[in-house]
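Asker: The structure follows.
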Amino acid sequence: MPGLGCGFQFCKLSNEPLFNSDGRIRSDVTFEQLSEFVWFIETGTGLNQSNLQSIDKKKSSTHYLGQYKDRAIFLLYNEILKDKSDTGGNVLNSRTLELLEEASPDFKRQKVIYGARTRFDKTKLARLNITFHQLPYELAVKTWF
């Protein structure tokens, strides 16, 4: 669909909200749906297929969404992993951090990581140049720009 010009952007919204009434991510939300939402919240722009660079699921249990301006954006989400344990890849720990480093050509940049939780304290996150956002709580309160 052609745009209106003047900086307007069209974004297609899902038919159902991503969150249920108690604020949790619905169990049927796919990785792709959540990645579009995370990308929009983080950048204020729509996510297209050229942005979405899902990591080979056989090699890695982490997901690199892409680079926006000066930061690399990652999503650790259970829909693909089917496992909520630390070793499942939804928690930022030493193991998932290594996989993120392998997955991203932009890993030396500022990293924004969304996941279930992190095992690193604020000091270590700062030293690693990581901003961590806990799912789903910080999606509800985060604004962009």
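The numbers here are math on the coordinates, done by the rules we state, and not lab data. From a predicted model like this one, the values you see are computed outputs, not experimental measurements.
Asker: Got a sec to turn the phi values of segment 116-128 into Karplus ³J(HN,Hα) couplings, 6.51 cos²θ - 1.76 cosθ + 1.60 with θ = phi - 60°, whole Hz, x for Gly and Pro?
Answerer: Per residue, the Karplus-derived 3J(HN,Hα) values read 5, 6, 10, 8, 9, 7, 4, 5, 5, 4, 5, 4, 8 Hz.
Asker: Any chance you could run the full-extension gain for Arg95 through Glu16? It's 0.36 nm times the residue separation minus the Cα-Cα distance, nm to one decimal.
Answerer: Extra length available between Arg95 and Glu16 comes to 25.0 nm.
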